[in-house]
Amino acid sequence: MKIIGLTGGIGMGKSTAAAAMRRAGLPVFDADAEVHALQAPGGQAVPAIARLIPDAVRDGRIDRAVLRRAVIADASLFTKLERIMHPLVRASQARFLGRARRAGRCWAVLDIPLLFERGGYRACDLVVVVSAPRALQLQRVRRRRGMSEAEALALIARQMPDAEKRRRADLVISTGLSRWHSLRQIRRMMTNLTDPETTTP
């Protein structure tokens, strides 16, 4: 089985690309969704987060706005939060890949925002980066997350620059024009994946 690493900065349109790949029949591991599940009431990560940032957890529920403000204000908390989350997410990812292999899949997708930052790209046969102009990225982040411009810029700055991600990619999908244009690029990629020996579109 071969692995596609799907990544891109926050607000770049990665979720749209992942959804298109899922509709095309590829199994997709969504790292962000797994983080939300781990941080949901009763999730494995909640007790450790409560110990790290007590104000962010109330009645067993994580107040994501409080959590976000805390890690933006204190970079050391962001690092400590990653130490809680990453081992749990990696374990879920390993179970996902095991299921895909047992099902006889030729390809599986790892949808991971920090694919390059955490070295996950090394396990991938094809790395796809989703990219959009900086102004559009900032607009999307502010609209979807209800952030100020300063908060959005601080969040974007924590990730590898888009130019560097594009430089490292095997394939770049642009989401800056239209949804139709983005999906056309994904369909072209999917056509090239019909041969399981293909590693670059």
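Each reported figure results from applying straightforward, stated rules to the coordinates on display, with no laboratory input. The structure displayed is predicted, hence computed values, not measured ones. Cβ placement follows ideal geometry from the backbone for every residue including glycine, while neighbour counts extend to all protein chains displayed.
Here the translational diffusion coefficient of region 17-56 follows from Stokes-Einstein with Rh set to the Kirkwood radius across Cα pairs; for 25 °C and 0.890 mPa s it amounts to 208 µm²/s. For region 99-201, trypsin sites (Lys or Arg not before Pro) meeting the loop criterion (DSSP other than H, G, I, E, B) and having at most 15 other Cβ atoms within 10 Å: 118, 158.
Diffusion coefficient (Stokes-Einstein, Kirkwood radius over C-alpha pairs, 37 °C, 0.692 mPa s) for region 2-192: 187 µm²/s, rounded to a whole number.
Given +1 at the Cβ of Lys and Arg, -1 at the Cβ of Asp and Glu and no other charges, the dipole of the chain around its Cα centre is 340 debye to the nearest 20.
Once the Cα-Cα distance is subtracted from the 0.36 nm per residue extended length, the residue 105 to residue 40 segment shows a gain of 20.4 nm. Rounded to the nearest whole Hz, the Karplus-based 3J(HN,Hα) values (6.51 cos²θ - 1.76 cosθ + 1.60, θ = phi - 60°) of region 163-169 follow the sequence 4, 5, 5, 5, 5, 7, 6, with x at glycine and proline. In the chain, helical runs assigned H by DSSP with n ≥ 4 each contribute -39500 (n - 2.57); averaged across all residues and rounded to the nearest 500, the mean residue ellipticity at 222 nm is -16500 deg cm²/dmol. Only one residue of 12, 53, 70 has its Cα farthest out toward the positive end of the dipole of region 1-70, where Lys and Arg carry +1 and Asp and Glu -1 on Cβ, and that residue is 12.
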